[in-house]
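Undergrad: This is the structure, below, for whatever I ask next.
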Amino acid sequence: MSRTGSTRFCGSAIASRFFRDGSSVDVIDKHELTRPRLVHAIVGGAVEQLSHGKDYVSDEAVLSVSGLTRLPKVDNVSLDLHRGEVLGIGGLVGAGRSELVRMIYGADRPDAGTMVFDGKAFAPKTPAQAVKAGMGLVPEERRAEGLLLTKSVAFNLQLSNLLNIVRSPALPLIDYRKRESLSAQIVRDLAVKTPSIDTPVGLLSGGNQQKVVIGRWLLRAPKILILDEPTRGVDIGARADIHRLIRDLAARGMAVLVVSSEPDELPDLCDRVLVMAEGRIVRELTGADITRNAIVEASYASDRERT
């Protein structure tokens with residue numbers, strides 16, 4: 001779905017005309033331009049406010065990280081991630097957030113520190129080992145690291161699910177009927193807008209590409225899903241869909257770790273937020289304390305203290 005706006009001049013006033021699906025849907029004068037009216041023009045309705053799933057968060061820590069270090073980017077980080085929780089990692093670009101999740105996922109090796117995953121010592125040497133243990137990652141750069149752009153939607157959806165769509169272990173040939181059925185189901189469930197499951201994924205919008213990357217992991221049902229900048233480069237409608245999906249996954253008992261450099265995103269989405277600065281966790285925010293101002297203030301904590 002295309003969502004665009006154009007601006008026209010009416011004497012001294014400025015107005016914006018909005019198009020959706022090739023048709024003009026609204027013209028808003030400058031003095032009438034409010035956020036709810038803007039959202040309605042873009043997505044065709046109000047974006048619902050998500051309720052946080054406190055009732056779903058378990059006391060059980062599915063992942064415990066202790067003293068994880070890889071200098072100079074990550075320095076002595078400890079955290080717990082609970083079943084049914086959406087845990088946010090905030091902070092400025094370069095604070096060490098992506099480097100932290102790469103170590104958790106086995107893409108980089110730590111210099112020091114330990115992890116416990118689902119009650120067992122966890123030290124993955126490769127992402128494949130993390131995936132086998134029950135972990136999934138939606139990377140920050142989906143076009144470069146998460147998708148094969150010239151391949152179809154169905155091909156990309158099944159990249160992490162190949163063993164489940166072969167005819168038999170003894171005959172490792174793809175069961176294309178099963179592949180199409182599972183892919184079509186994910187496209188329906190996530191409302192991926194695509195002409196067909198055979199469409200090259202590179203032709204989809206950014207939001208729909210991101211849904212494909214997330215949908216790939218739904219087929220594996222990991223115990224932990226890590227999302228690095230899950231709504232970067234997507235429109236407000238796709239952002240709401242992705243947030244709703246993340247909350248739904250947590251409600252089903254999945255532990256979700258969300259990395260975001262957008263302070264406005266984490267308060268809407270997370271049960272708890274850890275803010276990083278200069279490779280360390282400098283603040284933990286819960287409940288009503290999870291606000292944009294608190295996240296921004298904590299993000300600059302080290303700079304202010306040094307000054």
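Undergrad: Only one residue in Leu81, Leu92 is touching a strand residue (DSSP E or B) at 6+ places or on another chain (Cβ under 6 Å) and either under 23 Å from Pro267 (Cβ atoms) or acidic (Asp, Glu) (or both), so which one is that?
TA: Answer to the check: Leu81.
Undergrad: Assess whether Arg177 counts as being in a helix (DSSP H, G or I) and in contact (Cβ under 8 Å) with a residue 24 or more places away in the chain.
TA: No.
Undergrad: Kindly list, by first and then second residue, each pair from a residue in segment 94-109 that is in the same structural domain as Asp80 (by TED's automatic domain parsing) to a residue that is in a loop (DSSP other than H, G, I, E, B) and of a type in the set (Asp, Glu), limited to pairs with Cβ atoms under 6 Å and residues at least 6 apart or on different chains.
TA: Within 6 Å, the pairs are Ser98/Glu140; Arg102/Asp108.
Residues are listed down the side, and each one gets a yes or a no for (1) in contact (Cβ under 8 Å) with a residue 60 or more places away in the chain; (2) closer than 24 Å to Asp59 by Cβ:
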site	(1), (2)
Asp248	no, yes
Ala255	yes, yes
Asp271	yes, yes
Ala277	yes, no
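Undergrad: Another question about this same structure. Tell me the residue from Gly88, Gly106 that is touching a Pro at 6+ places or on another chain (Cβ under 6 Å) and at pLDDT 95 or above, please.
TA: The conditions single out Gly106.
Undergrad: Report yes if some residue within segment 64-78 is acidic (Asp, Glu), surrounded by 15 or more Cβ atoms within 10 Å (Cβ to Cβ) and either out of contact with any helix residue (DSSP H, G or I) (no Cβ under 6 Å at 6 or more places or on another chain) or at pLDDT below 95 (or both); otherwise report no.
TA: yes
Undergrad: Moving on. Within segment 114-150, count every residue that is without any contact (Cβ under 8 Å) to a residue 60 or more places away in the chain and not in a helix (DSSP H, G or I).
TA: Qualifying residue count for the region: 15.
Undergrad: So Ala288 clears everything in (1) modelled with pLDDT of 90 or more; (2) surrounded by 18 or more Cβ atoms within 10 Å (Cβ to Cβ); (3) under 25 Å from Gly84 (Cα atoms) except one condition, right? Which one?
TA: Among (1) modelled with pLDDT of 90 or more; (2) surrounded by 18 or more Cβ atoms within 10 Å (Cβ to Cβ); (3) under 25 Å from Gly84 (Cα atoms), Ala288 violates only (2).
The values are calculated or read from the model by the stated rules, or taken from the named source; none is laboratory data. These numbers come from a predicted model, not from an experiment. In this analysis, Cβ positions are derived from the backbone assuming ideal geometry, glycine residues included, and neighbour counts consider all displayed protein chains.
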